[in-house]
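These notes are about the structure you will find just below.
The values are calculated or read from the model by the stated rules, or taken from the named source; none is laboratory data. Given the structure is predicted, the values throughout are model-derived calculations rather than measurements. As a convention, Cβ positions derive from the backbone with ideal geometry for all residues, glycine included, and neighbour counts pool all protein chains shown.
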Amino acid sequence: MHKTNYDLIVVGAGPAGSSAAYSAASNGIKVAIIEKEHNIANKIRTSGVTWIDDMEKFSIPKNFYNKIKNYAFYSPNNKIMIKNKAPFVAVLDIRQTYKFLAMRAVKKGAKLFTGNRIYNVKKEQNCISINNDRFSSKIIIDASGFRSIVAQSLGLVKQWNVFGVGAEYESYAENIVPDTWSLMVGSKYSPSGYAWIFPVNKEIVRIGVGITRPYSSINPIDNLNKIIKNKIGPINDLGKITPIELHYGLVPNDGPRKTVYDNLLLVGDSAGYSNPLVLEGIRYAIKFGEVAGKVASKAIYKSNYSEHSLAEYENQWKKSIYKKIILSYVIQKRWLKLTDNEWDRELNVIKNFTATELINFMKSDFDVLDLLKLIRKNPTFIVRNFFKILQQAIHKNNLTCI
Ligand SMILES: Cc1cc2nc3c(=O)[nH]c(=O)nc-3n(C[C@H](O)[C@H](O)[C@H](O)COP(=O)(O)OP(=O)(O)OC[C@H]3O[C@@H](n4cnc5c(N)ncnc54)[C@H](O)[C@@H]3O)c2cc1C
């Protein structure tokens with residue numbers, strides 16, 4: 001079989017892999033991206049909700065997303081709405097965005113091999129080869145998502161213990177408010193997670209249900225069908241709903257893992273650093289995918305592919321988000337245990353947030369000073385109690401200098 005050598009192989013053309021390939025190819029590195037699907041983003045495994053300021057930083061075209069400025073939350077017996085003049089949230093056209101990211105890498109010289117599933121990985125001294133030596137390189141970036149296929153094949157990682165499972169229908173609906181999202185919490189929506197309505201435009205919405213394994217064993221598709229059939233909560237307001245496409249996926253929720261080895265980097269979901277509060281990982285996949293590509297290319301120019309030489313990648317993402325992620329886990333752990341009544345009360349806490357505070361909170365972009373400001377602003381017992389738990393976590397995990 002013909003063997004092809006590259007400086008760098010990136011496995012997976014999701015947002016992490018395409019971004020890693022883009023930054024490495026921009027540095028003049030010979031890069032191959034290997035993707036199992038025949039079409040980029042053929043199978044959609046995400047809701048594609050992210051933040052406009054991040055998308056602007058990544059130069060994602062503005063016509064690739066719908067803008068959201070109002071944020072509705074529903075619990076079994078409560079409903080709140082936080083409105084804003086300016087939009088902060090983007091609901092992505094996922095196929096267009098992921099293709100744009102892949103094409104950006106290709107334009108810089110990366111070679112894209114679609115329809116190539118990785119099934120065999122072999123590491124010899126300073127070289128990794130895959131699929132019975134069909135491809136080989138000095139460094140591999142594992143951007144294969146949830147299954148971390150390269151790292152698993154080399155016996156370096158095991159399957160995640162805690163993870164989110166989500167199902168959503170992209171649907172036609174009669175009555176859509178295109179600038180308003182709805183998040184639904186409590187047992188009738190999801191026993192260990194949340195449900196959502198994310199408008200794509202005036203005619204299309206994504207209606208979904210996420211649950212957390214192993215805390216719940218239900219199939220999210222069953223719950224999704226149930227809430228649509230029974231028109232629960234804000235789903236009733238959508239009028240006639242016609243599903244046109246099912247999206248289904250898994251996302252790690254187990255805390256980040258070691259992401260650097262000799263000749264190997266793990267990025268995006270393969271690394272497990274999505275924001276645990278709402279399990280959003282696209283912006284980190286792009287941001288730290290680019291960092292990984294840059295660090296890998298530097299290592300290639302130095303001809304040093306060791307873990308030590310690649311460590312800068314892990315140092316950078318950890319410095320930027322590790323403490324935020326840990327703090328968010330504390331909140332998420334608490335959210336997973338809330339009863340329906342407690343959720344009703346929790347919405348009264350969230351109600352006090354401005355849109356900016358809410359978005360920073362959901363993005364996990366808050367630090368200790370922000371928390372203290374929120375406590376001062378919301379001196380009620382319930383808010384104090386909520387933030388006391390956070391303060392204890394900050395202290396316990398030594399997070400005071402986020
Ligand atoms: C239901 C659900 C909803 C979500 N909603 C959001 C959201 O609203 N906003 C947000 O920011 N994040 C969301 N996420 C998380 C987000 O989707 C991920 O964090 C993000 O996709 C990670 O990007 P990635 O490039 O690491 O992995 P992926 O997007 O999973 O890409 C991995 C790529 O590798 C390829 N691949 C896999 N195995 C192989 C193989 N053996 N050989 C070759 N190629 C392979 C796949 O085909 C895929 O193209 C959601 C996740 C789920 C499950």
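Taken over the range 92-127, residues that are touching a strand residue (DSSP E or B) at 6+ places or on another chain (Cβ under 7 Å) and farther than 20 Å from SER18 by Cα amount to 5. Each residue in the range 296-305 was checked for being surrounded by fewer than 16 Cβ atoms within 10 Å (Cβ to Cβ) and touching a helix residue (DSSP H, G or I) at 6+ places or on another chain (Cβ under 8 Å), and 1 of them qualify. Taking each residue of the range 153-170 that is basic (Lys, Arg) and looking for partners that are more than 9 Å from the ligand (Cβ to nearest atom) with beta-carbon atoms closer than 8 Å, six or more apart or interchain, yields LYS158/GLN152.
Whether a residue is among the hydrophobic types (A, V, I, L, M, F, W, C), more than 16 Å from the ligand (Cβ to nearest atom) and buried (at least 19 other Cβ atoms within 10 Å of the Cβ) was assessed, and ALA86 does not pass this test. Say whether the condition of being touching a Leu at 6+ places or on another chain (Cβ under 7 Å) and among the aromatic types (Phe, Trp, Tyr) is met by at least one residue in the range 251-262. Checking the range 251-262: at least one residue is touching a Leu at 6+ places or on another chain (Cβ under 7 Å) and among the aromatic types (Phe, Trp, Tyr). On inspection, TYR322 fails the criterion of being among the hydroxyl-bearing types (Ser, Thr, Tyr) and either surrounded by 22 or more Cβ atoms within 10 Å (Cβ to Cβ) or over 30 Å from VAL11 (Cβ atoms) (or both). Residues in the range 222-242 that are over 27 Å from the mean Cα position of the chain (by Cα) and of a type in the set (Gly, Ala, Ser): GLY239 alone. If I filter the range 111-132 for residues that are outside the structural domain of LYS351 (by TED's automatic domain parsing), under 23 Å from LYS287 (Cβ atoms), within 15 Å of the ligand (Cβ to nearest atom) and touching a residue at least 60 places away in the same chain (Cβ under 8 Å), do I get at least one hit? Within the range 111-132, one or more residues are outside the structural domain of LYS351 (by TED's automatic domain parsing), under 23 Å from LYS287 (Cβ atoms), within 15 Å of the ligand (Cβ to nearest atom) and touching a residue at least 60 places away in the same chain (Cβ under 8 Å). Of all the criteria given as (1) closer than 18 Å to VAL162 by Cα; (2) buried (at least 17 other Cβ atoms within 10 Å of the Cβ), the one not satisfied by ASP254 is (2).
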